[in-house]
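Enquirer: My questions will all concern the structure given below.
Read-outs: derived from the displayed coordinates by stated rules, not from any lab. Everything quoted here is computed from the prediction, not taken from an experiment. Positions of Cβ are generated from backbone atoms using ideal geometry, with glycine treated the same way; all protein chains shown enter the neighbour counts.
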Amino acid sequence: MSLQTLIEYLKYKRKAKTRHGIHSPFVFSFIEDVLRSKTVISRLQLEKFLPLDVLSLKGEPLQLLYRILSYYKINKVMSLVEEHGKVQMYLGNDHIGHELQPTNYPADCILMDVKDPHAWNALYHMYEHNLGADGVVVVTNIHQSKLHGEEWEKLYSNSAVRLSIDAFHVGLLFFKEDFKEKQHFMVK
């Protein structure tokens, strides 16, 4: 862990709330059923959803990602992954390539595992039309550096985002119209 990541982690720990400090039933359930879950998923189960060989998340953060996909019953994942300096697209576990163009693939989730945070907003806007009303965007490594944190803040401040959750290793963006007020949570 770099010094900058350690500093970001200490800031996160100071601001993040436990399940008892959360008054949203949606987020409380997320903490109880996803973050606090001890479920361990095998590599074989993970490969069904994700291009594991190219993801930056390993170990527990990768397990967390799978629990998120499982909890929200996500079947169609569009993964945007930086590999050898280029953003690659995967639909499920199938490699589509690095010619990033708008596509009509209906996704339940867009996973952005892209090292360059400057690309996050552009990628989000390029593929936001692929998400259904209950879709979720998952962004990895949101606290890797100060710049990552700033770009994450820009993403969750987008007017279309109704609810955002910062779980340190990943950030989640929700767009459900059921959420009447825009809310942002940092959760432990």
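Enquirer: Would you grab the residues whose amide H sits under 5 Å from the one on residue 185? Only those 5+ places off in sequence or on another chain, please, with H modelled 1.01 Å from N.
Expert: Close amide H contacts, sequence-distant or interchain: 164, 165, 166.
Enquirer: Can you tell which of 131, 96, 62 lies farthest toward the positive end of the dipole of the chain, using +1 and -1 charges on the Cβ of basic and acidic side chains (Lys, Arg; Asp, Glu)?
Expert: 62
Enquirer: Here's another thing I want to ask about it. Show that you can apply the helix-only estimate: for the chain, add -39,500 (n - 2.57) for every DSSP H stretch of four or more residues, divide by all residues, and state [θ] at 222 nm to the nearest 500. Numbers along the way, then the final one.
Expert: Values: 6 runs with 56 residues, N = 188.
Per the formula, -8500 deg cm²/dmol.
Enquirer: Apply the a/c threshold of 1.5 to the C-alpha gyration tensor of the chain and tell me whether it is rounded, prolate or oblate. Don't skip to the end; give the middle numbers.
Expert: Working: a/c = 1.29, a/b = 1.24, b/c = 1.04.
Rounded, because the longest to shortest axis ratio a/c is under 1.5.
Enquirer: Per residue of segment 78-86, in order, report the coupling 6.51 cos²θ - 1.76 cosθ + 1.60 (Karplus, θ = phi - 60°) as ³J(HN,Hα) in whole Hz, putting x for Gly and Pro.
Expert: Per residue, the Karplus-derived 3J(HN,Hα) values read 9, 9, 10, 10, 7, 9, 6, x, 10 Hz.
Enquirer: May I ask you to evaluate 6.51 cos²θ - 1.76 cosθ + 1.60, the Karplus curve with θ = phi - 60°, for each residue of segment 93-109 and list the ³J(HN,Hα) values in order in whole Hz, giving x for glycine and proline?
Expert: Those phi angles translate into 9, 8, 6, 9, x, 10, 7, 6, 9, x, 9, 9, 5, x, 10, 7, 8 Hz.
Enquirer: List the residue ranges in the chain for DSSP H helices whose C-alpha atoms run 30 angstrom or more along the long axis and whose Kyte-Doolittle average is 0.0 or above. Could the numbers behind the result be given before it?
Expert: Details: long enough: none.
For the chain, where a helix must reach 30 Å along its axis and average at least 0.0, there are no hits.
Enquirer: Out of residues 5 or more away from residue 82 or on other chains, whose amide H comes under 5 Å of its own, with H placed 1.01 Å from N in the peptide plane?
Expert: Close amide H contacts, sequence-distant or interchain: 88, 113, 114, 115.
Enquirer: Determine ³J(HN,Hα), in whole Hz, for all residues of segment 44-51 in sequence, where each value follows from phi through the Karplus function 6.51 cos²θ - 1.76 cosθ + 1.60 and θ = phi - 60°; x replaces Gly and Pro.
Expert: Karplus-based 3J(HN,Hα) across segment 44-51 equals 4, 5, 5, 4, 5, 9, 10, x Hz.
Enquirer: Between residue 157 and residue 9, 0.36 nm times their residue separation minus their Cα-Cα distance comes to what?
Expert: Details: separation 148, 0.36 × 148 = 53.28 nm, distance 2.08 nm.
Full-extension gain reported as 51.2 nm.
Enquirer: Name the shape class, rounded, prolate or oblate, that the alpha-carbon gyration tensor gives for segment 134-180, where a ≥ b ≥ c are the square roots of its eigenvalues, rounded holds for a/c under 1.5, and otherwise prolate holds if a/b is larger than b/c and oblate otherwise.
Expert: On the way: a/c = 2.94, a/b = 1.88, b/c = 1.57.
It comes out prolate by the Cα gyration axes.
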